[in-house]
Each structure stands twice: as C-alpha cells, then as structure tokens.
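A.B. asks: Have a look at this one.
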Amino acid sequence: MYGDPATIRKILTELGDTWAVVGLSENRDRAAYGVAGVLQRYGKRIVPVHPSAATVHGERGYASLAEIPFPVDVVDVFVNSGLAGPVADEAAAVGASAVWFQLGVVDEAAYHRTRAAGLHMIMDRCPAIEIPALG
C-alpha cells in the first residue's frame, strides 16, 4: 500500500527531476549522502535540506523546504518517523508533487494527509534501491 509499484515508477520517471533531500548533510557515513549520490547518477537534481544548509554533492543546501527559491518535484525524507509528518506537510505547502519517506520512516497519519492533499507518496522504501530496478 505504501510502496505500490505504479506510484514508485510514476515518482521516479514522470514527476520531475528536482529532489529535495531532507536530512542530507556532508556526513558521508549517513544513508542520505549515498542515496543522494545515486539519485544524481540517475539524472536527478538533488537539493540538500538540513539545518546546516551545507553544500553537498556540489548542490547548495537550504535550512528548510520553504527557503528553496525554485520548485521542488519530490521531497525525499531522511528524518525519524516522529519528525517526518511536519516535513510532509511542508512539502505539500511548497507545492511538491510527491513525498518519499525512506526505509524505516513511517507515519500513517502523514501518509493519509499527504495523499488527501493530492500528492503522490511512498513510505518505508528507498529510491536508490527502486530506481535501478526500473531497468
């Protein structure tokens, strides 16, 4: 339900190539760093979103989604489940088309709110695993 193949394919191939990666920092040991690199290799523009607002993988960072001065297509969420719901709400507020909660990030209420707001949503999956599987 939270990761149906049709929605995964739509997000990865049709909804646009600008991905805000919430929780992405310069820490190479964190999963967000590696996943952002994979997204770049598959042609996605990544936008780091982290309180440090660091430049990561050559892309300027922002402290919040609201500070990004251009449209974002997908918001990829690497924060713990307790913080993920407000990020999904912010994604809807900034006009994103989709929200992607990473492996282990689960908030059923946020999933339903995000879908009700008209956004596509995947939860508890990783695009770095899914995108190569598309072929």
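A.B. asks: Report the residue, chosen from L65, L12, L83, that carries the largest GNM mean-square fluctuation when the chain is represented by alpha-carbon nodes joined by springs under 10 Å.
C.D. replies: Of L65, L12, L83, the Gaussian network model singles out L83 as fluctuating most.
A.B. asks: Sticking with this one: To the nearest 20 Debye, how big is the dipole of region 5-133 about its Cα centre, given +1 on the beta carbon of each Lys and Arg and -1 on that of each Asp and Glu?
C.D. replies: Numbers: 11 positive and 14 negative charges, 54 e Å.
With Lys and Arg at +1 and Asp and Glu at -1, about 260 debye.
A.B. asks: Using alpha carbons only, what's the Rg to Rh ratio of region 1-49 with Rh from Kirkwood? Walk me through the numbers on the way to the answer.
C.D. replies: Working: Rg = 11.8 Å, Rh = 11.6 Å.
Value, to two decimals: 1.01.
A.B. asks: Show that you can apply the helix-only estimate: for the chain, add -39,500 (n - 2.57) for every DSSP H stretch of four or more residues, divide by all residues, and state [θ] at 222 nm to the nearest 500.
C.D. replies: Working: 5 runs with 49 residues, N = 135.
My calculation for the chain gives -10500 deg cm²/dmol from helical runs alone.
A.B. asks: Mind checking region 43-133 for trypsin sites (Lys or Arg not before Pro) that DSSP puts in a loop (not H, G, I, E or B) and that have at most 14 other Cβ atoms within 10 Å? If you can, show how the numbers build up before the last one.
C.D. replies: On the way: sites: K44, R45, R60, R113, R115, R125; in loops: K44, R60, R125.
Hits after loop and neighbour filter: R60.
A.B. asks: Something else now. Could you compute the FRET efficiency for E14 and S52, with r as their C-beta to C-beta distance and R0 at 30 Å, rounded to 0.05?
C.D. replies: Numbers: r = 32 Å, r/R0 = 1.06.
Once the sixth-power term is evaluated, E becomes 0.40.
A.B. asks: Taking the Cβ of R113 as the center, what net charge do the other residues with Cβ under 13 Å away carry, scoring Lys and Arg +1 and Asp and Glu -1?
C.D. replies: On the way: positive: R115; negative: D89, E90, D107, E108.
Neighbour charge sum, excluding R113 itself: -3.
A.B. asks: Right, something else. Under a Cβ-Cβ cut-off of 15 Å, what is the net charge of the residues other than E67 that fall near it, where Lys and Arg count +1 and Asp and Glu count -1?
C.D. replies: Details: positive: R60; negative: E59, E90.
The answer is -1.
A.B. asks: What is the antiparallel percent of DSSP beta bridges lying wholly in the chain, to the nearest 5?
C.D. replies: Given both bridge residues lie in the chain, the antiparallel proportion sits at roughly 5 percent.
A.B. asks: Read through the labelled values (i) -0.58, -0.96, -1.22; (ii) -0.51, -0.87, -1.19; (iii) -0.45, -0.80, -1.17 and report the label of the one computed as log10 I(q)/I(0) by the Debye sum over Cα atoms at q = 0.13, 0.17, 0.20 Å⁻¹ from the structure.
C.D. replies: Evaluating log10 I(q)/I(0) by the Debye sum over Cα atoms at q = 0.13, 0.17, 0.20 Å⁻¹ on these atoms matches (iii).
A.B. asks: Write out the chymotrypsin sites (Phe, Trp or Tyr not before Pro) in region 27-82 meeting two conditions: DSSP loop, and at most 10 other Cβ atoms within 10 Å of their Cβ. Walk me through the numbers on the way to the answer.
C.D. replies: On the way: sites: Y33, Y42, Y62, F78; in loops: Y42, F78.
When the chymotrypsin sites (Phe, Trp or Tyr not before Pro) of region 27-82 are filtered for loop state and at most 10 Cβ neighbours within 10 Å, nothing remains.
A.B. asks: Once you have a ≥ b ≥ c as the square roots of the Cα gyration tensor eigenvalues for region 68-135, tell me rounded if a/c is under 1.5, and otherwise prolate or oblate according to whether a/b is larger than b/c.
C.D. replies: On the way: a/c = 1.64, a/b = 1.19, b/c = 1.38.
In terms of gyration-tensor shape, oblate.
Read-outs: derived from the displayed coordinates by stated rules, not from any lab. Just so you know, these numbers come straight off a predicted model, no measurement behind them. Every residue, glycine as well, gets a Cβ built from its backbone with ideal geometry; the counts of neighbours run over all protein chains shown.
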